[in-house]
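Report on one structure; see the data block that follows.
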Amino acid sequence: MLLQCSLFSFAEEAQYGPRTFAEGEKWTAIVAAYTPEIKAIDSAFSKMDDAQIDRVVTIKGVKYQLGTYKGEPIVIFTTGISIPNAAMTMQMALDYFPIDKVIMMGIAGAVNPEFHPGDIAIPERWYFHDESVYVNPDPSEEGKFVLPDYYENALKAYKEREKTDPHAPKYKNYGFMHPEEMSVIKEGWDSPKQMPYFSVSENLFNIAKKTLKTIDTIKLPSGKPIQVVAGGNGVSGSVFTDNASYRKWLHDVYSAQVTEMESAAVGQVCFVNDVDWLIIRSVSDLAGGQEGKNVENVFDAIASGTGTKLLIGILNEIVAE
C-alpha cells in the first residue's frame, strides 16, 4: 500500500504543474500592459542591430515574442490592462518560459505633484490601493462608519505595524471606502499573510540607480529634459484614477509617486515565484490633478517613449553585469 501511494504521488507530480527548466536557462522578460507601451518597445528594438526577435508564440491569446538582446535571451509580451490580466499573463509567462528577471515599462498617473508628463518613476515598493471594505455610515454618530469586527481588529494590527515599519501605509478611510490588505500565500508558509506592499528586487533597483548615473539625459520630443525619480512608492488598482481628492488620499496614505493598474500584481506574482522584478513608470497624466479633462491619450505615446529609453539603458547594464 505504501509503495502504491508513493508511485501515485510521483505520477501526480509528473502529470501536473508548470514546466521545469534547466538551471542554466535564464531569460529576461520585457513587459508592458497595452498597445502604446509595447509599440514603443517594439519600435526601439526594431531599429537596433543587437536586438532580435526569432519567434512569436501565442498561448491562450497572449503573444510572446522570443529573441535576444545583445546575445542574452529575452521574451517580450503585453499583460493586458488591470490587475487580473497582469496577474494571469505574468504567471503564465513564468510557467511557460525560464524567466528569472522581469522588467516592466509603462505609463502611469502622477500622484507626486512635482511630476509632469514624460517624467519617470522607478518606485521601490508597490501597494494595492483599492483592496477595501465598503461600509454603511453610523446612524448614531455623524462622520463615523459601522465597521465589521474583523476589520476593526485588522486596523489595530495595521496601526501597530506603523510603529516598526516606516513604509507601512498610514491608513484612513476615503468616505465609506476603508482600505484593507491582500492576503498572500507562498511556498514554505503555513498560512496566508497580509502584505501591505511588495518591494522590487534590490539588485535590479541598484542597477537602475547605476543606469541613471551613466545614461544620457532623457528628453521629450521638444528637447526638454525629464526628471527620473528612483525610490518611493507606487500604487496599483483596478481603477483609472482621475480625481484630485482621491489622488491626495493616495499621497497621504501611501506616499505614492504614481498610480496605475498592473504593477503590484506583477510584483506579487514575482514575489511568490522568487523572480527578480523592476517597474519603470513614465507619467502620462496627473491622475485628476489637472484642470479640465484628463489628456492621457495625448501623452501616452510620448511617455512610453521616454520610459523605453530608460528601459534600454537598464538592459544594457544588466547585460554588462
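The table that follows gives values for the structure above.
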item: Among Val272, His251, Gly231 the positive-end extreme of the charge dipole of segment 222-279 (Cβ point charges); result: His251
item: Beta bridges per DSSP with both ends in the chain, % antiparallel, nearest 5; result: 50 percent
item: Tensor-based shape of segment 162-321 (alpha-carbon gyration tensor, a/c under 1.5 rounded, otherwise prolate or oblate); result: oblate
item: Given charges at beta-carbon only (K, R positive; D, E negative), |dipole| of the chain in Debye; result: 700 debye
item: Asn136-Val239 FRET efficiency (beta carbon distance; Förster radius 30 Å; 0.05 resolution); result: 0.85
item: Accessible area per residue in Å² at 1.4 Å probe, computed on segment 53-185; result: 48 Å²
item: Partners for Lys63 among lysines (Cα-Cα distance below 27 Å; same-chain residues under 8 apart left out); result: Lys26, Lys39, Lys47, Lys101, Lys309
item: Label point distance in nm, Asp49-Ile215, each placed 7 Å from Cα along Cα→Cβ; result: 2.3 nm
item: For Val295, residues with placed amide H under 5 Å, excluding near neighbours; result: Leu286
item: Proximal lysines relative to Lys159, as straight alpha-carbon distance under 28 Å, when same-chain residues fewer than 8 apart are discounted; result: Lys144, Lys170, Lys172, Lys186, Lys193, Lys248
item: Charge sum, other residues only, whose C-beta stays under 12 Å from Val184's C-beta, Lys/Arg counted +1 and Asp/Glu -1; result: -1
item: Gyration tensor over alpha-carbon atoms, segment 228-311, equivalent ellipsoid semi-axes in Å; result: 23, 17, 11
item: Mean-position separation - Cα centroids, segment 270-285 and segment 149-221, in angstrom; result: 13 Å
item: Quarter of Cα convex hull surface for segment 105-175, i.e. mean projection, nm²; result: 7.1 nm²
item: Segment 245-290, accessible area per residue, ligands and nucleic acids excluded (1.4 Å, Å²); result: 25 Å²
item: Debye equation applied to the C-alpha atoms of segment 262-313, log10 I(q)/I(0) at 0.17, 0.25 Å⁻¹; result: -0.69, -0.94
item: Amide H within-cut-off set for Tyr64, under 5 Å, with H built and near neighbours excluded; result: Val57, Thr58, Ile59
item: Heavy atoms of His251: accessible area, 1.4 Å probe, square angstrom to 10; result: 80 Å²
item: Carbon + sulfur, % of accessible area of segment 56-134 - ligands and nucleic acids excluded, 1.4 Å; result: 51 percent
item: Counted charge near Asp119, where neighbours are those whose Cβ lies closer than 11 Å (Asp, Glu -1; Lys, Arg +1); result: +1
item: Size descriptor, Kirkwood hydrodynamic radius, that averages inverse alpha-carbon separations across the chain, Å; result: 21.0 Å
item: Summed side-chain charge close to Gln52 - residues other than Gln52 whose Cβ falls under 13 Å, Lys, Arg +1, Asp, Glu -1; result: -2
item: Phi-based couplings in Hz for segment 81-95 (Karplus 6.51, -1.76, 1.60; Gly and Pro marked x); result: 7, 5, 4, x, 5, 4, 5, 5, 6, 5, 5, 4, 4, 5, 6
item: Carbon/sulfur fraction of accessible area - segment 162-287, other protein chains in place, 1.4 Å, %; result: 51 percent
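The values are calculated or read from the model by the stated rules, or taken from the named source; none is laboratory data. Here the structure is a predicted model, which is why all the values come from computation and not from measurement. No Cβ is skipped: glycine too gets one built from the backbone with ideal geometry, and neighbour counts run over all protein chains shown. For the accessible areas, the whole protein counts, side chains as well, though only heavy atoms, and no ligand, DNA or RNA atoms are used. Shrake-Rupley method; radii C 1.70, N 1.55, O 1.52, S 1.80 Å.
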